[in-house]
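The structure under discussion appears below in the form of structure tokens.
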Amino acid sequence: MIGTYAAVAAICVSSLAIGLAAVRLCGGRGWSWLSPAVGLALLCAICWATVRLPGDGVVSAIVVAVLTVAAVGYLRGRIEDGGEALRAGWPVALGALLAASLPFIVEGHFGILGTSFNPDMSQHLLAADRLAEGHSSQLLNQGYPLGPHSIVVALNKGLGVGLVQGFSGLTVAAAILASLTALAAFRELSALPRTAGALLVGLTYVAASYLAQGAFKETMQALFLLAFVLALRESDRDCAALPLRFVPASLIAVGSIYTYSFPSLIWLAPALILWFLGKGLWAAGGDDREDSAGRQSPRSETGPAARALGLAFAVFAVLTVPELGRMLDFHSFETFDPNGPGLGNLFGQISPFEALGIWPSGDYRLAPGDGAVPALGYYLGIAFALGLLVYGVIQLWRRRETAILAGLGAAALAYAAARLAGTPYTAAKAIEIAAPLVALAILLPLSQASVVRFMSGMRTKGAPLWLGSASALFVGAASVCSLLALANAPVGPTSYSSKLSEFREQVGDGPTLVIASSQLLEEEHGEPFLAWELRGGRVCIQAVDDGKGIPRGVRFVIQETKSDWNLMQVTPSPSQSPCPLVAERQARQGPAR
């Protein structure tokens, strides 16, 4: 517990401080809720740039600590309305922390998130372990983006946080930072709708479901897309006259590259293009109605905008050029093969309606009616939320919320591309990454203060009664669904047994057979985690009831018992053992993301 929450605190504090300082250097005077995402993006880039220097992560920890302290010192006396922002942010941060901790609370212990949902964490643990030891790995050689892994290594070297706790802390921190980032859209609302809206955007159902299976990369990419869209929105509001107003968006894009490699541009590039085209459409129409900030917007600002965009592109290019070669290597990764294993841990295609936030199932992979709730419950929730989304899009259009609409359009295009040319696994990721934006499009117009401002032509004193009722019903239903997904999250142990860690020292690189129960291997996806525990040697793993004998060349046998594991040494045959090195096994199975 201490290691997990130490990682959460370190990531959140560093992200807020460094991100806020970066936004301030770009000309922002007040508190910006873009800073959590900007800071996390910079952490990914900084840690990856320094993790391979001598010290194998020690330098990363030192650099982040120095930058955090320097950022706090720089910000003293330079940020307006900081006290008001903290009063708005602490309920959101606390609520997100409690919600994201629900898997650990329900299971009664801390450990590896989502062990029976998704075995990918074993691959990430191995990659981080290799980084921390200064060694190469298959993921490193394949161009796999390792920015988040570098943050975990910095936590390990700087604070002594274990790798398992580091990844758990990063996953929880991403949920907190996403909820705080959503405050950039809800900051003008009163406390209750502001807090509820930010929490539901940051922990909408599919995002909560991916957190429940330990999929930190998808939750981080969803955060970066949300933040990128809100950064474009802010560039039309408080920062419209600043020459560096697009740099925060470019820094977010940099972090997205170091987290998700070139596929991140499938969302970010169309969002930018659609936003730019949308602004041109309003200008060409000669429409001088109030913009989303309540000001008369000029018909054209082509020159200053072009220069500001040019500066942002230059920043993006300089910071991502070192990763260009690895991005080229990553294009051949097995996930991008439409003829490869397309289901991953899924049972079939995931419904895109899950992005609406009302899906009453603890397992997002189940089809309507396959769980405890009848199929009718799903369809009623879909119809209700879809109607609210249509209403929200109409209101966003009327108020010329170009950035949010562009983000929705980009997410829709990314999902269509994944569904038509990709696999069910990649299509599911597209749904998760889009989900916070969909929640934002529903909730922002529904909040009472926003509705009154959006519907300026109605001249009403308050929002219609049905909108208030619909808002309360949606918030209640969507909250229950998200909490259900989090409460259903399996949490594996930090290690499968303390004895396995001891046995790793005893067996060394001697060929070892592990005999475990079918439940552990099949239902709980335990095989890659057992390999992780015994990494560094040749390991065969088989079920206790599969009828196979001891492979030739094996020197040690570790067998699961009712209470623990037993180690036996056997006389090996003179032939070479067929058991693969753990690193070779991990490379072949590879993480699906």
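Would you kindly derive the ³J(HN,Hα) couplings of the stretch 432-439 from the backbone phi angles with the Karplus curve 6.51 cos²θ - 1.76 cosθ + 1.60 (θ = phi - 60°), listing them in order in whole Hz, with x for Gly and Pro?
The phi angles translate into 5, 5, 7, 4, x, 5, 4, 4 Hz.
Could you tell me the ratio Rg/Rh of the stretch 64-204? Both radii from Cα atoms, Rh via Kirkwood.
1.03
Between Asp370 and Leu324, what is 0.36 nm times their sequence separation minus the Cα-Cα distance? Round to one decimal in nm.
Between Asp370 and Leu324, full extension yields 12.1 nm more.
Give me a comma-separated list of calculated 3J(HN,Hα) values for the stretch 166-174, in order, Karplus coefficients 6.51, -1.76, 1.60 applied at θ = phi - 60°, integers in Hz, x for any Gly or Pro.
Calculated HN-Hα couplings, in order: x, 5, 4, x, 5, 5, 5, 4, 4 Hz.
Take the Cα atoms of the stretch 2-487, find their three principal axes, and give me the spread along each one in whole Å, biggest first.
Cα extents, longest axis first: 65, 55, 43 Å.
Would you mind classifying the stretch 104-169 by shape? Square roots of the alpha carbon gyration tensor eigenvalues, ordered a ≥ b ≥ c; an a/c under 1.5 is rounded, otherwise it is prolate if a/b is larger than b/c and oblate if not.
oblate
Could you calculate the contour length gain from Ala191 to Ile2, that is, 0.36 nm times the residue separation minus the distance between their Cα atoms, to one decimal place in nm?
Gain on stretching Ala191 to Ile2: 65.0 nm.
Using packing as a proxy for protection, rank 347-354, 124-131, 178-185 so that the peptide with the highest average count of other Cβ atoms within 10 Å comes first.
178-185, 124-131, 347-354
Could you derive backbone 3J(HN,Hα) for the stretch 50-61 from the dihedral phi with the Karplus parameters 6.51, -1.76 and 1.60 (θ = phi - 60°), listing whole Hz in sequence and x where the residue is Gly or Pro?
With the stated coefficients, the stretch 50-61 comes to 10, 5, 9, 6, x, x, 6, x, 4, 4, 4, 4 Hz.
Between Gly536 and residues 5 or more places away or on another chain, which pairs have amide H atoms under 5 Å apart, with H built 1.01 Å from N, and which residues are they?
Excluding prolines and chain starts, which carry no amide H, the hits are Val582, Ala583.
Most exposed first by the Cβ proxy, i.e. fewest other Cβ within 10 Å, how do Val58, Val254, Val72 rank?
Val72, Val58, Val254
Kindly put Arg87, Arg187 in sequence by how many other C-beta atoms sit within 10 Å of each C-beta, fewest to most.
Placing the least packed residue first, the sequence is Arg87, Arg187.
What FRET efficiency comes out for Leu242 versus His109 if R0 is 45 angstrom and r is the Cβ-Cβ distance? Round to the nearest 0.05.
The computed FRET efficiency comes out at 0.40.
Taking amide H positions as placed in the peptide plane 1.01 Å from N, state which residues far from Ile541 in sequence (5 or more) or on other chains have amide H under 5 Å from it.
Val514
Does the stretch 354-431 come out rounded, prolate or oblate, given a ≥ b ≥ c as the square roots of the eigenvalues of its C-alpha gyration tensor, rounded meaning a/c under 1.5 and, failing that, prolate meaning a/b above b/c?
oblate
How would Lys429, Lys548 line up from fewest to most surrounding beta-carbon atoms within 10 angstrom?
Arranged by neighbour count, lowest to highest, Lys429, Lys548 become Lys548, Lys429.
Near the amide H of Leu189, under 5 Å away, which other amide H atoms are found, from residues 5 or more places off or on another chain, if H is placed in the peptide plane?
Here nothing satisfies the definition.
What is the Rg over Rh value, at two decimals, for the stretch 3-105, using alpha-carbon atoms and the Kirkwood definition of Rh?
Result for the stretch 3-105 is an Rg/Rh of 1.01.
So how do 19-27, 401-409 stack up, highest first, on mean other-Cβ count within 10 Å?
Sorting 19-27, 401-409 by mean packing, highest first, produces 401-409, 19-27.
If I take R0 = 45 Å and measure r between the Cβ atoms of Thr561 and Leu420 in this structure, what FRET efficiency does the formula 1/(1 + (r/R0)^6) give, to the nearest 0.05?
0.35
What full-extension length gain, to one decimal in nm, is calculated for Ser469 and Leu346 as 0.36 nm per residue of separation minus the Cα-Cα distance?
40.7 nm
We did not get these values from a lab; they are worked out from the coordinates using the rules stated. Here the structure is a predicted model, which is why all the values come from computation and not from measurement. Note that we place each Cβ from the backbone using ideal geometry, even for glycine, and neighbour counts take in every protein chain shown.
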